[in-house]
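Structure record follows, encoded as structure tokens.
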Amino acid sequence: MLKKIFSDNAAALILVFVLFMVAIPLVSVGSTQSQPALSGLGGLILIVAAAIPPARRFMVKKEN
């Protein structure tokens, strides 16, 4: 399943968008309510979402 998401450009971008939309409120709520677990979880999701596009370049082989 993960390989299918990585090979389809639209699916990968939608996944990244959804991860960012989940992470940003988590970081916001965690920092405003002094809950470091939520902030940390949101930060981790942000890192994963930001790493997906560069990782796709190495995992997906372009067909000429």
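Structural remarks
- Selection count where residues are at pLDDT 90 or above and outside any helix (DSSP H, G or I), scope segment 1-33: 1
- Considering residues of segment 34-64 that are in a loop (DSSP other than H, G, I, E, B) and under 22 Å from Lys3 (Cα atoms) only, the residue farthest from the chain's Cα centre (by Cα): Asn64
- Looking across segment 40-60, just one residue is of a type in the set (D, E, K, R) and in contact (Cβ under 8 Å) with a residue 40 or more places away in the chain, and that is Arg56.
The values are calculated or read from the model by the stated rules, or taken from the named source; none is laboratory data. Everything quoted here is computed from the prediction, not taken from an experiment. For neighbour counting, all protein chains shown are included, and Cβ atoms are generated from backbone atoms with ideal geometry for every residue, glycine included.
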